[in-house]
Every structure is written in C-alpha cells, then in structure tokens.
Amino acid sequence: MALFTTFMTTPTVMAIYKPLRGIYSQTNRRLQRQLPLTENSQDELRVLACVHGPENVPSLINLVESIRNPKRSPLKLYAMHLVELTDRSSSIMMVQRARKNGFPFINRFCRGASATPDQIAAAFEAYGQVNRVNIRHSIAISALSTMQEDICHIAQEKRVAMIILPFHKHWRGEGEEAMENVNNGWRIVNQSVLKRAPCSVAVFVDRGFGGGLKQEAEPSSPTLKRVCILFFGGSDDREALELGGRMTEHPAVSLTILRFLEKAKDESMKQSHSGSTVPINDEREKEIDETTMAIWRCNQSVKYEEKVVDNITEEVLKLGQSREYELVIVGKGQFSSSMGAELPANQIEHAELGLIGNILASSDCGIVPSVLVIQQDKQYADETATSRMGQDKLVTTIDTSITNNEPSV
C-alpha cells in the first residue's frame, strides 16, 4: 500500500497543480530613485517578504513596520511562506488545504505542523488590519533546488522593489551558540535569489529585532527602535539609505547614519583587495555618494556621523558588540577595496553578504543587533557601470579625434 501511494501521489499532484515557473524577463526595480530624492512621492512600494516559519514572523513584522511610511508612499506587502518539499504523501493534503483556505498557492509541499500556515497568515492579517497595510499572503512549497524560481517569479509578476529573505541561521539567544544553522539548503536558496532576482534583495539576520509583536500595534509607543546605517559608498549603500529614508518619519524609530572614511593609503594597498564587482573608485560613483551625503547632512530627523578609521574590521566589530542599536543596515559591497584589505579571504564565512555583512552575521564574535544586508538590483548596477565606462570611452575617443584633427601651426 505504501509503495502504491508513493507512485500515485506524484502524478496526482502534478495533475492538480500547474507550476508557475518559466522564463521571466528582467526589469530594473529598486528602492533608489534618481537624485535628488523626492519627498511625498505617492509611488506604491511593493515588498516581497519571505519566512521559513512562525519564528521569523515577529521580527519581520517589526522590520516592515519600521519602513511603513504612508506620508512618503503606501506600502504593499507580499508575505510568502517558504516550505521545503520533503514528503510526497503530504503534497496532496497541502494542495487541498491551501485551496480550501483560499490562500494563493504556488508550489508543492513538504513537512511542517498543520497549523503553521494558518498561524503565519493570521499574524500578517492582524498586522495589516491594525496598521492599514495592504498584505497578500502566499505559500511556496517546493524543493530547495527550485525554490528561487518561485521567489523570483512572484517578484517579477508582482513588480516588487525589494525581496526580504530570512538568513539561513536562526537566533537562539545570547551566548556562544547564539546562531543555529537550520538548513544549509536555505543558504543556497538565498545565494540563488541574490544572483537572479529582478529587483533589490535584503537578507535579514534576525537577533530578536523589536522584541515581539506589541510595538506593531502601538507605533506611538515611547520605546524606540534604534537603527544604524553603515555607509561606505556605492549603489548598495545608497539603496540602504533609501530604505532608511522611509524610517526617518516613523515615531518609533531613531535613525543614525554612520559614514566610514579611510585614511590615505598607498595605491598598491588600494588594489590589494576587492569586495565588489563594481569599481567604487570611479569618480562618478564618488560624486553620487557626495551628493547623497550632502542631502542627509541637512536632514534634521537623523543623526549623522563620520568616522575616519585605520582598521574597518575592528570598528565594525566594536559597533556590533555594543548594545547601542537594535538593527544595523549595510550594503552588500561596493566600498573602497583597501578598507577590507586586512581581512583574510579564508575568514569570509558568508560571502553572499559581502565583507561587512559577513562580519556582522558572525555567530562567534558576540554581535548583538539584527542585521539587514542590502543588494541593489544586480542587473541595474552592472548596466550602470557598463554605461559609465562606455561614456568615458566615448569622451576619450572624441578628445583624441579632436586632437588629431587640429591644424598644424
């Protein structure tokens, strides 16, 4: 009987469920807009937030509440419960249950308590009703090897500006074994989404951000969420600032922008290490960074600081080990290469988070705050860099042509 069930469930599931996967076109969707930043923009911000289980929900809702800014633009949240397909016999039950409850259904099922999807959906629905946030809940049930296809498909279909992914390690509390590796397969899912996503991506390393669900229902609570954005330069960090811009007017968020500046070093040192695929030393990138910083220096609703450092690793560790902030936001990469020169490559445990994100996600350095690592739409960043290099080449060619055609005296 068991053998019969095993052979029959797969074709039955395939008959009931038609996969949504397929080739999806790339679009340049991101948080960052053209400078100067516009205020009171009414463009709808669409975010796809993924969870592995109920343990991810409280902190994720706190994060979503922090970026909710109706005055700037309304927020539409697509909450997706990611479920790994492991047991074939439970697939039909999950399909039938999801359809009965009316949840948008994406793929196939694996394991998990029967009440888990209802608990997650109920939590998001309650938050949405209390805070008037437009929320759509869905369940993606798939093998981990194909999970990224479901995530990227929905991101493309719903035209979201950012995907929020949970880190593959769960926080268990303070101590030496604070982070528990749940399943390395989820790390591969995150890596695949970072490579393929049609929009910006944020990986959320949760260490109990917000402390529960109470603050979502009471945004006017005097207890502040202390948030710090680390700025080194580049498109990823500017995307982090754009997200932080939505937090500035929230009454329960205190935002600090900490810009790191390096001391002058030899050119040989600057070329010794690189943590980015985009040349941050490009003068055009530096100009954009300076224009962005000029805007934030004049913003009275944030605390702006600058630090000139010799060893960026020590400074980041010191900040992470302090209890000054509940959340640290940082771009994945694209900062000056010499800043990470003192960090040996063999110590990078989570390369998908970048050099700074890797330090703050460490489980054995006593890091306290939650961390949000942001990568701007990869295709947009690459196309922008290529376009700028092409423009520079064109200018050089024109200048050379003019020089060669000058009449002799």
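The values are calculated or read from the model by the stated rules, or taken from the named source; none is laboratory data. Everything numeric here is computed off the predicted structure, so don't read it as measured data. Backbone-built Cβ (ideal geometry, glycine too); neighbour counts: all protein chains shown.
Computed values, structure above
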read-out	value
Number of positions in the stretch 119-159 that are more than 28 Å from residue 252 (Cβ to Cβ), over 19 Å from the mean Cα position of the chain (by Cα) and β-branched (Val, Ile, Thr)	3
Cβ-Cβ under 6 Å pairs, at least 6 apart or on other chains, the stretch 46-60 side closer than 14 Å to residue 202 by Cβ, far side of a type in the set (Gly, Ala, Ser) and part of a loop (DSSP other than H, G, I, E, B)	46/161
Boolean, residue 83 is in contact with a Gly (Cβ under 7 Å, 6 or more places away or on another chain) and either surrounded by 14 or more Cβ atoms within 10 Å (Cβ to Cβ) or at pLDDT 55 or above (or both)	yes
Qualifying position, being out of contact with any strand residue (DSSP E or B) (no Cβ under 7 Å at 6 or more places or on another chain), more than 25 Å from residue 195 (Cα to Cα), polar (S, T, N, Q) and modelled with pLDDT of 90 or more, among 148, 129	129
Complete set of residues in the stretch 229-252 that are crowded, with 23+ Cβ neighbours inside 10 Å and either basic (Lys, Arg) or part of a strand (DSSP E or B) (or both)	229, 230, 231, 238
All positions within the stretch 351-376 that are buried (at least 22 other Cβ atoms within 10 Å of the Cβ) and assigned to a loop (DSSP other than H, G, I, E, B)	361, 367, 369, 376
Test result for residue 164, assigned to a strand (DSSP E or B), crowded, with 21+ Cβ neighbours inside 10 Å, at pLDDT 95 or above and aliphatic (A, V, I, L, M)	yes
Flag if residue 293 is outside any loop (DSSP other than H, G, I, E, B) and at pLDDT below 90	no
Qualifying positions in the stretch 263-290 - charged (D, E, K, R), outside any helix (DSSP H, G or I) and modelled with pLDDT of 65 or more	263, 282
Residue count for the stretch 179-212, restricted to those that are modelled with pLDDT under 70 and crowded, with 18+ Cβ neighbours inside 10 Å	1
Single condition residue 103 does not satisfy, out of (1) surrounded by fewer than 19 Cβ atoms within 10 Å (Cβ to Cβ); (2) at pLDDT below 90; (3) outside any loop (DSSP other than H, G, I, E, B)	(3)
